[in-house]
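**Student:** First the structure, which I've put down as structure tokens, then a few questions once you've had a look.
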Amino acid sequence: MIGEMVISDIIRTQRDFFATGKTKEVSFRIEKLKNLKQAIIEYEKEIIQALKADFHKPEFETYATEIFVRKEIDYAIKNIKNWTKPQKAAVPLEFFPYSAKIYPEPLGVVLIIGPWNYPFQLIIAPLVGAIAAGNCAILKPSELAPHTSNIIAEIITKHFTSAHVTVVEGGVETSQQLLSEKFDHIFFTGGTTVGKIVMEAAAKHLTPVTLELGGKSPCIVDYDIDIEKTARRITWGKFINAGQTCIAPDYLLVDKKIKTNLLDGIQQCLKEFYGDHPQNSPDYARIITQKHFDRLANLLKNGKICVGGETNPSERYIAPTLIDNVSLADPVMQEEIFGPILPVMEYTDITEAISLINSRPKPLALYLFSQNKNLQKRVLHETSSGGVCINDTVMQSGVSSLPFGGVGDSGIGSYHGQASFDTFSHYKSVLHNSFWLDLKWRYAPYEGKLSFLKRIIGGWGVGSGE
Ligand code: NAD
């Protein structure tokens with residue numbers, strides 16, 4: 001573990017490097033983004049092995065959800081010249097002959113704290129934004145995915161100077177040591193409880209934060225759907241990464257008319273995806289720790305299990321499980337599940353589903369399966385969530401042009417694509433005057449000038465009555 005002195009030394013070194021102005025050069029940022037991409041290509045095998053060692057993550061899923069972060073790098077490289085350009089701002093007539101521009105500038109030294117569930121991607125994706133915006137960064141990957149944490153440290157140490165980007169590995173104590181320091185921004189991904197701790201620590205230094213948190217993301221299923229495709233997309237989004245996905249559908253709200261058919265469809269998909277014994281499937285991950293395994297095993301006591309329910313503590317295996325007949329008071333409907341357990345609730349009128357969602361903290365994602373355009377409009381209009389995906393699950397997080405983040409309890413701020421650049425930038429407003437004209441109406445003595453001011457405030461052409 002790194003001691004307090006060392007952390008403050010790293011920050012000082014990064015501040016000195018930032019002060020040289022090197023990170024402000026767009027060519028430097030592009031070069032570093034290219035290095036990062038190259039490093040991911042070079043370390044592809046090791047990344048796959050690390051995730052397999054951490055929680056048996058299948059190679060395909062590592063490509064689709066971790067190595068996929070290369071797309072974010074490509075997107076940043078392609079757009080960075082546009083993003084870094086100062087933008088012209090309109091100036092009102094009475095400000096003639098001023099001109100105005102908005103300049104994005106880097107914040108300085110930023111801290112990025114990651115979770116264990118997508119342990120590579122959720123450190124690297126914010127880093128792309130931090131580098132693109134011209135910052136220095138300290139990364140703190142999750143200690144619960146130690147192999148991935150090690151590989152991130154190796155990659156960064158090899159391809160970056162510690163004055164620019166460095167990794168500080170460790171657990172809660174290390175995180176707390178980091179949080180006691182002053183940063184120019186803290187980007188945190190994790191649970192709501194720790195999110196509050198991060199915000200409290202940041203408040204002491206008036207450090208701005210981005211909090212990418214979790215919560216219970218509902219999935220509404222109307223009767224006007226293609227059942228087979230709906231079942232397949234829900235099964236995929238729920239059980240990828242063994243359900244340990246912040247935007248996995250947490251629970252289903254299904255129209256009573258199609259509930260039985262949908263559950264049959266999901267059961268069928270589970271067989272197709274993972275066979276009769278998911279425990280033997282190479283395509284199904286494990287639960288990250290014993291503590292999370294025990295927590296999830298307890299949730300299996302709720303409602304009536306219609307598929308799955310088997311566990312194997314020695315492997316931290318929990319079968320993909322569907323639970324019917326749950327009540328809102330059951331723990332499985334009270335806490336974020338974050339595992340391969342899918343409770344199902346039914347509704348007879350969409351109003352019930354909407355009011356249930358609105359009675360709970362605002363979720364990170366909301367899913368709606370329906371071909372009914374009016375219903376789509378209604379759900380969009382009457383609910384609030386970090387994001388929405390209609391007729392699919394999880395895919396919204398892969399579109400770089402869509403800002404990704406929560407609202408209310410599910411988080412503060414967003415990233416991906418330009419939103420990442422914006423998150424790690426300060427937009428500096430600059431107003432420019434010149435010397436060829438200097439109207440005196442704003443200077444004292446004010447005598448005789450008020451009526452003119454009133455005309456400006458009231459709008460040109462509006463009489464002041466004076
Ligand atoms: P977590 O909050 O337990 O830990 C996240 C990070 O915080 C880790 O690096 C950890 O070392 C550090 N940490 C833990 N306790 C701390 C403390 N007391 N003080 C300071 N730092 C501390 O989260 P997790 O279990 O790693 O991840 C799961 C949670 O993350 C879920 O709630 C999930 O929804 C959320 N999540 C959100 C997103 C998103 O993009 N919004 C993505 C993935 C995960």
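**Student:** Just the number, please: percent antiparallel of the DSSP beta bridges in region 218-405, rounded to the nearest 5.
**Tutor:** 20 percent
**Student:** Name the long-range amide H neighbours of THR210: under 5 Å, sequence gap of 5 or more, or other chain; modelled H, no Pro or chain starts.
**Tutor:** Under 5 Å from the amide H of THR210: ILE186, PHE187, PHE188.
**Student:** Note the per residue figure in Å³ for the convex hull of the C-alpha positions in region 12-52.
**Tutor:** 82 Å³
**Student:** In addition: With the radius of gyration and the Kirkwood radius both derived from the Cα set of region 208-324, what is their ratio Rg to Rh?
**Tutor:** A ratio of 0.98.
**Student:** How would you order 92-102, 162-172, 361-371 from highest to lowest mean count of nearby Cβ atoms within 10 Å?
**Tutor:** Top of the packing list down: 361-371, 162-172, 92-102.
**Student:** Once each part is reduced to its C-alpha centroid, what is the distance from region 164-206 to region 105-162 in angstrom?
**Tutor:** Here the answer is 13 Å between Cα centres.
**Student:** Tell me, what ³J(HN,Hα) does each residue in region 61-69 have, in order and in whole Hz, if you take phi through Karplus 6.51 cos²θ - 1.76 cosθ + 1.60 with θ = phi - 60° and put x for Gly and Pro?
**Tutor:** Running phi through 6.51 cos²θ - 1.76 cosθ + 1.60 with θ = phi - 60° gives 5, 5, 4, 5, 10, 10, 5, 3, 4 Hz.
**Student:** Another question about this same structure. With angles folded into 0 to 90 degrees, how steeply does helix 44-55 sit against the dominant principal axis of the chain? Use alpha carbons for both and round to 10.
**Tutor:** 60 degrees
**Student:** How far is helix 26-42 tilted, in degrees, relative to the longest principal axis of the Cα atoms in the chain, given as a value from 0 to 90 rounded to the nearest 10?
**Tutor:** Between the helix axis and the principal axis of the chain, the angle is about 10 degrees.
**Student:** If you don't mind, another one. Could you give the angle, 0 to 90 degrees to the nearest 10, between helix 227-239's Cα long axis and the longest principal axis of the Cα atoms of the chain?
**Tutor:** 80 degrees
**Student:** Two decimals, Cα atoms only, Kirkwood Rh: what is Rg/Rh over region 349-466?
**Tutor:** That ratio equals 1.30.
**Student:** I'd like the distance between the alpha-carbon centres of region 44-80 and region 284-327, rounded to an integer number of Å.
**Tutor:** 27 Å
**Student:** Please arrange THR148, THR245, THR207 by how many other C-beta atoms lie within 10 Å of their C-beta, fewest to most.
**Tutor:** Listing THR148, THR245, THR207 from fewest to most nearby Cβ atoms yields THR207, THR245, THR148.
**Student:** Can you report the principal axis dimensions of the chain using only the alpha carbons, biggest first, rounded to whole angstrom?
**Tutor:** 86, 58, 37
**Student:** May I ask you to order 413-425, 383-395 by the average number of other C-beta atoms within 10 Å around their residues, highest value first?
**Tutor:** 413-425, 383-395
**Student:** Convert each backbone phi in region 197-209 into a coupling constant with the Karplus relation 6.51 cos²θ - 1.76 cosθ + 1.60 (shift: θ = phi - 60°), then list the ³J(HN,Hα) values in order as whole Hz, x for Gly and Pro.
**Tutor:** Result, rounded to whole Hz: 5, 4, 5, 5, 5, 5, 4, 4, 10, 6, 8, x, 10.
**Student:** Students often check this: by mean Cβ neighbours within 10 Å, which of 36-49, 107-120, 304-317 ranks highest, and how do the rest follow?
**Tutor:** The most tightly packed comes first, giving 107-120, 36-49, 304-317.
**Student:** Where does each of TRP236, TRP83, TRP436 land when they are ranked from fewest to most other beta-carbon atoms within 10 angstrom?
**Tutor:** Lowest count first: TRP436, TRP236, TRP83.
**Student:** Between ASP283 and PHE60, what is 0.36 nm times their sequence separation minus the Cα-Cα distance? Round to one decimal in nm.
**Tutor:** 79.5 nm
**Student:** Another question, then. Can you tell me how region 251-403 classifies by the Cα gyration tensor, rounded, prolate or oblate, using a/c under 1.5 as the rounded cut?
**Tutor:** In terms of gyration-tensor shape, prolate.
**Student:** Further, regarding this structure: So between LYS301 and LYS22, what do we pick up on full extension, going 0.36 nm a residue minus the alpha carbon distance?
**Tutor:** 94.7 nm
**Student:** Order of VAL69, VAL379 from fewest to most other C-beta atoms within 10 Å?
**Tutor:** Ascending Cβ contact count within 10 Å gives the list VAL69, VAL379.
**Student:** Starting from the amide H of CYS306, placed 1.01 Å from N in the peptide plane, find each other amide H under 5 Å away whose residue is 5 or more places distant or on another chain.
**Tutor:** LEU322, ILE323, ASP324
Taken together, the values in this text are just the output of simple stated rules run on the coordinates, not laboratory data. All values reported here derive from a predicted model rather than from experimental measurement. All Cβ positions, even for glycine, are placed from backbone atoms using ideal geometry, and neighbour counts span all protein chains on display.
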